[in-house]
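> Once you've had a glance at the structure underneath, I'll fire off some questions.
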Amino acid sequence: MAELALVGKSWPVSWGDTLTKVEKMNGNSDKHITRVLFCGPYFPASHQYTKEYLQKYPFIQVDDVPLAAVPDVISKYNICVVKMMQLTSNIISSATQMKLIMQFGVGLEGVDIDAATKYGIKVARIPGHVTGNAASCAEMTIYLMLGLLRKQNEMQISIKQKRLGEPAGETLLGKTVFIMGFGNIGIELAKRLRPFGVKIIATKRSWALHSIGSLQSDGFLIQNVTDDNLVDEKGSHEDIYKLARDSDIVVCCLSMNKETAGIVNKSFISSMKKGALLINIARGGLLDYDAVMHHLESGHLGGLGIDVAWTEPFDPDDPILKFNNVIISPHVAGVTEQSYRAMAEVVGDVALQLHSGTPLTGIEIVN
């Protein structure tokens, strides 16, 4: 029963004694326990669902630790789920018992992968197309599109002022949508956009023709299509300005790296149609804040819908929120019951596999 008390530990509001608590819990060295560290309080469903999934296994310990305490306690853990943590080389060097660093999702830009490799630690992501994460993000993208087209913020003003029949919105029907970065999210988005009667154009690194299947969490294939079924016009990175000129809505689905940081800059937004909408469902750093602000103020940008921001949590007093044609959500595109429970199962299964010494499945190791 003593071991059962170790599973799913959550830390109190005062973090000063975090290291002491971890040391006490790890002091029973004759008990083999695999320890999983979730970094920080954000995205709480990630660690909550993982704890629920593993509650029957007293030999797996799951802790959510505040960001400031991670460097002090990371040496006690075998698996680290980074979430929003920046895992630098210095922090990773302290992770002396670490076997695996993984993301509760896809993005690994906060992890020093070279440092992890140097210290013999595997780094992995959870593929979004298997867990439903990509589908959830695609749905949120459409939500942001429709919210901007139907003028969600102005509708709330009309309700408060008891006005009927206004504002006059727009439809998705007949629009041209540019999906910039046709990966898993882009594919799921294109599937869902087809019934709206839009033209879909997209860019990606390689357009090798292949069949695209979408798997539910129960393993059933729900759709089987090809790139040609989903995209009316294809392009590469060199075509982004041209395609932006032709589009009514630009959706940023790119991975965040040195090449893509700030890619949606003043030149790019200037190349967009006047009045076109910009949606970012990927990472905040892909958009240049000053460029976005400038084009909202000038009226060139018709609307902004973002689930990710330049700084997170986003400042509720940021001046960009003064515009009625801006909709922001708190990084919840992938945070759905289906996708988060599916990802929690992946994390739980990986912890069980690591504990038993069997091959790790359900994740994509990148080093």
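> Rounded to the nearest 500, what is the chain's calculated 222 nm mean residue ellipticity when only DSSP H runs of at least 4 contribute -39500 (n - 2.57) each, over all residues?
Rounded to the nearest 500, it is -9000 deg cm²/dmol.
> OK, next. Sequence-distant or interchain residues sharing an amide H contact under 5 Å with GLY105, placed H: which?
Those qualifying (amide H under 5 Å, at least 5 residues apart or on another chain) are ILE126.
> Still on this structure: Pick from SER158, SER94, SER46: which is most flexible by mean-square fluctuation in a GNM of the chain where alpha carbon atoms under 10 Å apart are linked?
It is SER158.
> What shape does the range 52-123 have by the C-alpha gyration tensor, where a ≥ b ≥ c are the square roots of the eigenvalues, rounded means a/c under 1.5, and otherwise prolate means a/b greater than b/c and oblate the rest?
Prolate, because a/c is 1.5 or more and a/b exceeds b/c.
> Restricting to the chain, what percent of DSSP beta bridges are antiparallel, rounded to 5?
Percentage antiparallel, nearest 5: 15.
> Listed highest first by mean packing, meaning other Cβ atoms within 10 Å per residue, what order do 353-364, 79-90, 273-284, 288-299 come in?
In decreasing order of mean packing, 353-364, 79-90, 273-284, 288-299 become 273-284, 79-90, 288-299, 353-364.
> Tell me, rounded to the nearest percent, the portion of alpha carbon pairs in the range 320-367 spaced more than 16 Å apart.
For the range 320-367, the share of Cα pairs beyond 16 Å comes to 60 percent.
> How large is the accessible surface per residue of the chain, computed with a 1.4 Å probe and reported in Å² as a whole number?
46
> Could you give the DSSP H helices of the chain that reach 15 angstrom or more along their long axis (alpha carbon positions) and whose average Kyte-Doolittle hydropathy is no lower than -0.5?
133-149, 337-356
> How much of the calculated P(r) for the range 41-190 lies past 19 Å, in percent of all Cα pairs?
66
> Another one. So if the hydrodynamic radius of the range 123-194 is defined as the Kirkwood radius over C-alpha pairs, what does Stokes-Einstein give as its diffusion coefficient at 4 °C and 1.567 mPa s, in µm² per second?
Taking Rh from Cα pairs, D becomes 91 µm²/s.
> Rg(Cα) of the range 232-352 divided by 2.2 N^0.38 Å?
Scaled against compact globular proteins, the figure is 1.20.
> Sticking with this one: Any lysines with Cα under 26 Å of the LYS99 Cα? List them, leaving off those in the same chain fewer than 8 positions away.
LYS9, LYS21, LYS24, LYS31, LYS51, LYS56, LYS76, LYS83, LYS118, LYS122
> Further question: Using the Cα atoms of the chain, I'd like the radius of gyration and the largest Cα-Cα distance, Dmax, both in angstrom.
Expressed in Å, the Cα Rg and Dmax of the chain come to 22.2, 71.
> Give the lysines reachable from LYS274 as a straight Cα distance under 19 Å; neighbours fewer than 8 places away on the same chain don't count.
Cα-Cα hits under 19 Å: LYS151, LYS175, LYS199, LYS242, LYS266.
> Once the mean 1/r over all distinct Cα pairs of the range 152-214 is inverted, what Kirkwood radius in angstroms do you read off?
14.4
> Just the Kirkwood number for the range 32-89, please: inverse of mean 1/r across all distinct Cα pairs, in Å, one decimal.
Every distinct Cα pair counted, the radius reaches 11.7 Å.
> Å³ per residue of the Cα convex hull, for the range 109-159?
With only Cα atoms used, the range 109-159 gives 114 Å³ per residue.
The values are calculated or read from the model by the stated rules, or taken from the named source; none is laboratory data. Quick caveat, the model's predicted, so the values are computed rather than measured. Note: ideal-geometry Cβ built from the backbone for every residue, glycine included; neighbour counts use all protein chains shown. For accessibility, only protein heavy atoms count, side chains too; no ligands or nucleic acids. Shrake-Rupley method; radii C 1.70, N 1.55, O 1.52, S 1.80 Å.
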